[in-house]
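The values are calculated or read from the model by the stated rules, or taken from the named source; none is laboratory data. Source: prediction; values computed, not measured. Neighbour counts run over all protein chains shown; Cβ positions are idealised from the backbone, glycine included.
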Amino acid sequence: MERPIGVFDSGVGGLSIAEAIFERLPNESLVFFGDTARVPYGNKSPDTLRRFALEDAAFLMTKGVKAIVVACNTIASLGLDELAQRFDVPIVGVIEPSARAAVAATHNKRIGLIGTRATVASGAYEAAIQEIDPEVSVYSAACPLFVPLIEEGWTNNIVADIVVDEHMRAFEGRGIDTLVLGCSHYALMRVALERHCGSGVTLIDNGGPTAEELEQRLRAAGTLRSDGPQPQHEFYVSDLSSNFSQIAQVFLGERVSAVRQVSLEEMREWMMVWNGAPWMVADS
Ligand code: DGL
(Lines give C-alpha, C1' and ligand atoms only; values in the text may rest on other atoms or scores of the structure.)
Protein backbone atom coordinates (compact mmCIF):
# COMPACT_ATOMS: atom_id res chain seq x y z
CA MET A 1 0.00 0.00 0.00
CA GLU A 2 1.19 3.53 -0.77
CA ARG A 3 2.00 5.45 2.37
CA PRO A 4 0.32 8.83 2.90
CA ILE A 5 1.84 12.20 3.78
CA GLY A 6 1.06 13.45 7.30
CA VAL A 7 0.23 17.10 7.96
CA PHE A 8 -0.44 18.63 11.36
CA ASP A 9 -1.40 22.04 12.63
CA SER A 10 -3.19 23.51 15.62
CA GLY A 11 -6.41 23.90 13.65
CA VAL A 12 -7.96 24.95 10.36
CA GLY A 13 -4.87 26.85 9.17
CA GLY A 14 -3.15 23.65 8.08
CA LEU A 15 -5.92 23.14 5.52
CA SER A 16 -4.34 25.94 3.47
CA ILE A 17 -1.18 23.87 3.29
CA ALA A 18 -3.10 20.67 2.56
CA GLU A 19 -4.72 22.52 -0.34
CA ALA A 20 -1.33 23.52 -1.75
CA ILE A 21 -0.10 19.90 -1.41
CA PHE A 22 -3.18 18.60 -3.24
CA GLU A 23 -2.51 21.06 -6.03
CA ARG A 24 1.18 20.26 -6.42
CA LEU A 25 1.09 16.53 -5.64
CA PRO A 26 -2.30 15.29 -6.85
CA ASN A 27 -1.30 11.61 -6.67
CA GLU A 28 -0.42 11.65 -2.98
CA SER A 29 -2.71 10.56 -0.15
CA LEU A 30 -2.77 12.71 2.94
CA VAL A 31 -3.56 12.28 6.63
CA PHE A 32 -4.36 15.59 8.31
CA PHE A 33 -4.46 16.25 12.03
CA GLY A 34 -5.75 19.55 13.47
CA ASP A 35 -5.35 19.95 17.22
CA THR A 36 -8.60 21.89 17.56
CA ALA A 37 -9.01 20.98 21.25
CA ARG A 38 -5.82 22.87 22.10
CA VAL A 39 -5.80 25.69 19.53
CA PRO A 40 -4.39 28.35 19.73
CA TYR A 41 -0.77 27.22 19.93
CA GLY A 42 0.55 30.73 19.37
CA ASN A 43 0.44 31.85 22.98
CA LYS A 44 1.70 28.61 24.62
CA SER A 45 5.15 28.15 26.13
CA PRO A 46 7.95 26.40 24.20
CA ASP A 47 7.91 23.38 26.57
CA THR A 48 4.20 22.80 26.09
CA LEU A 49 4.50 23.29 22.33
CA ARG A 50 7.31 20.75 22.10
CA ARG A 51 5.19 18.16 23.88
CA PHE A 52 2.19 18.90 21.65
CA ALA A 53 4.40 18.55 18.57
CA LEU A 54 5.65 15.13 19.68
CA GLU A 55 2.11 13.90 20.32
CA ASP A 56 0.78 15.23 17.03
CA ALA A 57 3.64 13.68 15.07
CA ALA A 58 3.36 10.36 16.95
CA PHE A 59 -0.33 10.19 16.05
CA LEU A 60 0.50 10.68 12.38
CA MET A 61 3.22 8.03 12.56
CA THR A 62 0.63 5.52 13.76
CA LYS A 63 -1.11 6.14 10.41
CA GLY A 64 1.98 4.97 8.55
CA VAL A 65 2.94 8.32 7.03
CA LYS A 66 6.06 8.59 4.86
CA ALA A 67 6.74 12.26 5.67
CA ILE A 68 5.44 14.77 8.19
CA VAL A 69 4.64 18.34 7.23
CA VAL A 70 4.70 20.60 10.26
CA ALA A 71 2.16 23.08 8.95
CA CYS A 72 2.31 25.11 12.16
CA ASN A 73 4.82 27.97 12.11
CA THR A 74 4.62 28.24 15.88
CA ILE A 75 5.92 24.68 16.23
CA ALA A 76 8.39 25.03 13.37
CA SER A 77 9.79 28.23 14.90
CA LEU A 78 11.09 26.15 17.82
CA GLY A 79 13.18 24.08 15.43
CA LEU A 80 12.46 20.65 14.02
CA ASP A 81 15.54 18.78 15.27
CA GLU A 82 13.74 16.91 18.02
CA LEU A 83 11.06 15.64 15.64
CA ALA A 84 13.70 14.69 13.09
CA GLN A 85 15.63 12.74 15.72
CA ARG A 86 12.58 10.85 16.95
CA PHE A 87 10.75 10.06 13.75
CA ASP A 88 12.45 8.31 10.92
CA VAL A 89 10.70 10.10 8.03
CA PRO A 90 11.40 13.46 6.37
CA ILE A 91 10.13 16.31 8.56
CA VAL A 92 9.17 19.30 6.43
CA GLY A 93 8.73 22.73 7.99
CA VAL A 94 7.20 25.92 6.67
CA ILE A 95 9.73 28.57 7.64
CA GLU A 96 12.75 28.03 5.37
CA PRO A 97 10.67 27.51 2.20
CA SER A 98 8.57 30.61 2.92
CA ALA A 99 11.68 32.65 3.77
CA ARG A 100 13.25 31.63 0.43
CA ALA A 101 10.09 32.65 -1.43
CA ALA A 102 10.04 36.02 0.34
CA VAL A 103 13.68 36.77 -0.45
CA ALA A 104 13.06 35.85 -4.08
CA ALA A 105 10.03 38.18 -4.19
CA THR A 106 11.41 41.33 -2.57
CA HIS A 107 12.87 44.08 -4.76
CA ASN A 108 13.70 46.64 -2.08
CA LYS A 109 14.93 44.13 0.54
CA ARG A 110 12.31 45.21 3.08
CA ILE A 111 10.18 42.29 4.19
CA GLY A 112 7.34 42.29 6.71
CA LEU A 113 6.48 39.24 8.78
CA ILE A 114 3.24 38.54 10.59
CA GLY A 115 2.79 35.53 12.86
CA THR A 116 1.72 34.38 16.28
CA ARG A 117 3.39 35.85 19.35
CA ALA A 118 5.50 32.71 19.75
CA THR A 119 6.67 32.72 16.12
CA VAL A 120 7.56 36.40 16.15
CA ALA A 121 9.32 36.12 19.52
CA SER A 122 11.41 33.18 18.26
CA GLY A 123 13.12 35.29 15.58
CA ALA A 124 13.15 32.18 13.36
CA TYR A 125 12.03 33.99 10.21
CA GLU A 126 14.55 36.80 10.63
CA ALA A 127 17.29 34.20 11.04
CA ALA A 128 16.14 32.19 8.01
CA ILE A 129 15.80 35.29 5.81
CA GLN A 130 19.09 36.81 6.86
CA GLU A 131 20.90 33.57 6.32
CA ILE A 132 19.78 33.71 2.70
CA ASP A 133 20.43 37.45 2.30
CA PRO A 134 21.95 39.40 5.21
CA GLU A 135 21.06 42.69 3.52
CA VAL A 136 17.33 42.17 3.90
CA SER A 137 15.59 44.10 6.69
CA VAL A 138 12.77 42.18 8.38
CA TYR A 139 10.01 43.96 10.30
CA SER A 140 7.68 41.75 12.29
CA ALA A 141 4.38 42.01 14.11
CA ALA A 142 2.38 39.47 16.08
CA CYS A 143 -1.31 39.36 15.15
CA PRO A 144 -2.92 37.52 18.08
CA LEU A 145 -6.49 38.35 17.08
CA PHE A 146 -6.29 36.70 13.65
CA VAL A 147 -6.45 33.05 14.74
CA PRO A 148 -9.68 33.29 16.80
CA LEU A 149 -11.36 35.19 13.95
CA ILE A 150 -10.20 32.63 11.39
CA GLU A 151 -11.28 29.66 13.52
CA GLU A 152 -14.72 31.37 13.60
CA GLY A 153 -14.70 31.74 9.82
CA TRP A 154 -14.72 35.57 10.11
CA THR A 155 -12.16 36.21 7.41
CA ASN A 156 -13.83 38.51 4.95
CA ASN A 157 -16.08 40.95 6.77
CA ILE A 158 -15.89 44.33 8.43
CA VAL A 159 -14.54 42.92 11.70
CA ALA A 160 -11.71 41.21 9.80
CA ASP A 161 -10.93 44.51 8.03
CA ILE A 162 -10.77 46.45 11.29
CA VAL A 163 -8.53 43.86 12.96
CA VAL A 164 -6.25 43.69 9.91
CA ASP A 165 -5.95 47.50 9.78
CA GLU A 166 -5.09 47.64 13.46
CA HIS A 167 -2.48 44.86 13.40
CA MET A 168 -0.89 46.16 10.20
CA ARG A 169 -0.22 49.60 11.70
CA ALA A 170 3.07 48.11 12.88
CA PHE A 171 4.33 48.37 9.28
CA GLU A 172 3.47 52.04 8.71
CA GLY A 173 6.47 53.90 7.32
CA ARG A 174 8.51 50.70 6.86
CA GLY A 175 8.19 50.62 3.08
CA ILE A 176 7.88 46.84 2.88
CA ASP A 177 7.24 45.37 -0.57
CA THR A 178 6.75 41.77 0.62
CA LEU A 179 4.75 40.39 3.52
CA VAL A 180 5.20 36.84 4.83
CA LEU A 181 2.05 35.32 6.28
CA GLY A 182 4.03 33.42 8.91
CA CYS A 183 1.10 31.45 10.30
CA SER A 184 -0.73 28.81 8.34
CA HIS A 185 -4.06 30.28 9.46
CA TYR A 186 -3.35 33.64 7.86
CA ALA A 187 -3.71 32.32 4.31
CA LEU A 188 -7.43 32.21 5.07
CA MET A 189 -7.28 35.96 5.79
CA ARG A 190 -5.63 36.70 2.46
CA VAL A 191 -8.50 38.66 0.91
CA ALA A 192 -8.68 41.12 3.83
CA LEU A 193 -4.89 41.40 3.90
CA GLU A 194 -4.76 42.08 0.16
CA ARG A 195 -7.44 44.73 0.59
CA HIS A 196 -5.30 46.42 3.22
CA CYS A 197 -1.91 46.08 1.53
CA GLY A 198 -2.89 46.90 -2.05
CA SER A 199 -0.97 45.79 -5.11
CA GLY A 200 2.40 47.19 -4.01
CA VAL A 201 3.02 44.42 -1.49
CA THR A 202 3.53 40.77 -2.46
CA LEU A 203 1.94 38.37 0.03
CA ILE A 204 3.79 35.10 0.63
CA ASP A 205 1.86 32.35 2.35
CA ASN A 206 3.27 28.99 3.44
CA GLY A 207 1.33 26.68 1.12
CA GLY A 208 3.11 26.86 -2.25
CA PRO A 209 6.70 27.03 -0.96
CA THR A 210 6.08 24.21 1.54
CA ALA A 211 4.48 21.93 -1.06
CA GLU A 212 7.48 22.52 -3.32
CA GLU A 213 9.91 21.65 -0.53
CA LEU A 214 7.88 18.53 0.28
CA GLU A 215 8.07 17.42 -3.34
CA GLN A 216 11.86 17.79 -3.31
CA ARG A 217 12.20 15.89 -0.04
CA LEU A 218 10.01 13.03 -1.27
CA ARG A 219 11.92 12.87 -4.52
CA ALA A 220 15.22 12.73 -2.62
CA ALA A 221 13.83 9.96 -0.40
CA GLY A 222 12.59 8.05 -3.46
CA THR A 223 9.01 8.05 -2.15
CA LEU A 224 7.36 10.56 -4.49
CA ARG A 225 4.24 9.03 -5.99
CA SER A 226 3.74 9.92 -9.63
CA ASP A 227 0.79 7.69 -10.48
CA GLY A 228 -1.26 4.85 -9.08
CA PRO A 229 -4.79 4.43 -7.76
CA GLN A 230 -6.97 7.33 -6.63
CA PRO A 231 -5.44 8.90 -3.50
CA GLN A 232 -7.34 8.59 -0.22
CA HIS A 233 -7.35 11.36 2.37
CA GLU A 234 -8.14 11.23 6.08
CA PHE A 235 -8.90 14.18 8.33
CA TYR A 236 -8.67 14.06 12.13
CA VAL A 237 -9.20 16.70 14.77
CA SER A 238 -8.93 16.58 18.55
CA ASP A 239 -12.26 18.42 18.94
CA LEU A 240 -14.92 18.07 16.31
CA SER A 241 -16.65 21.42 15.97
CA SER A 242 -19.04 22.22 13.14
CA ASN A 243 -16.74 25.15 12.26
CA PHE A 244 -13.89 22.88 11.29
CA SER A 245 -16.00 20.68 9.05
CA GLN A 246 -17.61 23.71 7.39
CA ILE A 247 -14.32 25.47 6.74
CA ALA A 248 -12.77 22.21 5.53
CA GLN A 249 -15.61 21.67 3.07
CA VAL A 250 -15.38 25.22 1.76
CA PHE A 251 -11.62 24.97 1.45
CA LEU A 252 -11.13 21.46 0.13
CA GLY A 253 -14.58 20.47 -1.15
CA GLU A 254 -15.18 16.81 -1.87
CA ARG A 255 -11.69 15.77 -0.79
CA VAL A 256 -13.00 15.98 2.78
CA SER A 257 -15.50 13.17 2.90
CA ALA A 258 -15.43 12.88 6.68
CA VAL A 259 -13.68 14.50 9.60
CA ARG A 260 -13.03 12.16 12.52
CA GLN A 261 -12.30 12.99 16.11
CA VAL A 262 -9.36 11.57 18.01
CA SER A 263 -9.58 12.41 21.70
CA LEU A 264 -6.66 13.73 23.72
CA GLU A 265 -6.83 10.47 25.73
CA GLU A 266 -6.34 8.47 22.54
CA MET A 267 -3.48 10.78 21.61
CA ARG A 268 -1.82 10.04 24.94
CA GLU A 269 -2.25 6.32 24.36
CA TRP A 270 -0.75 6.60 20.87
CA MET A 271 2.16 8.51 22.29
CA MET A 272 2.78 5.78 24.87
CA VAL A 273 2.42 3.10 22.24
CA TRP A 274 4.86 5.00 20.10
CA ASN A 275 7.70 5.33 22.52
CA GLY A 276 6.65 3.91 25.86
CA ALA A 277 7.46 7.22 27.50
CA PRO A 278 4.36 8.46 29.32
CA TRP A 279 6.38 11.33 30.82
CA MET A 280 6.45 12.94 27.38
CA VAL A 281 2.69 13.34 27.26
CA ALA A 282 1.32 16.88 27.51
CA ASP A 283 -1.39 18.08 29.84
CA SER A 284 -4.55 19.02 28.06
N1 DGL B 1 -1.46 27.92 12.59
C2 DGL B 1 -0.43 28.05 13.56
C3 DGL B 1 0.84 28.63 12.98
O4 DGL B 1 1.09 28.46 11.82
C5 DGL B 1 -0.74 28.71 14.83
C6 DGL B 1 -2.07 29.23 15.13
C7 DGL B 1 -2.31 29.08 16.61
O8 DGL B 1 -2.72 27.98 16.98
O9 DGL B 1 -2.05 30.02 17.36
O10 DGL B 1 1.60 29.23 13.69
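Computed values, structure above
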read-out: Qualifying residue in the stretch 100-117 (condition: surrounded by fewer than 22 Cβ atoms within 10 Å (Cβ to Cβ) and within 14 Å of the ligand (Cβ to nearest atom)); value: yes
read-out: Criterion violated by ASP177 - all others in (1) touching a His at 6+ places or on another chain (Cβ under 9 Å); (2) within 26 Å of GLN249 (Cα to Cα) satisfied; value: (2)
read-out: Tabulated pairs, the stretch 57-74, first more than 16 Å from ALA20 (Cα to Cα) and of a type in the set (Lys, Arg), second more than 16 Å from the ligand (Cβ to nearest atom) and in a loop (DSSP other than H, G, I, E, B), C-beta under 6 angstrom, 6+ apart or interchain; value: LYS66/ARG3; LYS66/VAL89; LYS66/THR223
read-out: Condition check for LEU188: within 11 Å of the ligand (Cβ to nearest atom) and buried (at least 17 other Cβ atoms within 10 Å of the Cβ); value: yes
read-out: Residue check for ALA53: in a helix (DSSP H, G or I), under 17 Å from THR119 (Cβ atoms) and under 16 Å from the mean Cα position of the chain (by Cα); value: yes
read-out: Meets criteria (charged (D, E, K, R) and closer than 20 Å to LEU214 by Cα) for GLU23; value: yes
read-out: Some residue of the stretch 194-217 being among the hydroxyl-bearing types (Ser, Thr, Tyr), assigned to a loop (DSSP other than H, G, I, E, B) and surrounded by fewer than 16 Cβ atoms within 10 Å (Cβ to Cβ); value: yes
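Matching residues to (1) out of contact with any strand residue (DSSP E or B) (no Cβ under 7 Å at 6 or more places or on another chain); (2) at pLDDT below 95; (3) not in a helix (DSSP H, G or I):
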position	(1), (2), (3)
PRO40	yes, yes, yes
LYS44	yes, yes, yes
LYS63	no, yes, yes
PRO97	yes, no, no
VAL103	yes, no, no
ASN108	yes, no, yes
LEU113	no, no, yes
GLU135	yes, no, yes
PRO144	yes, yes, yes
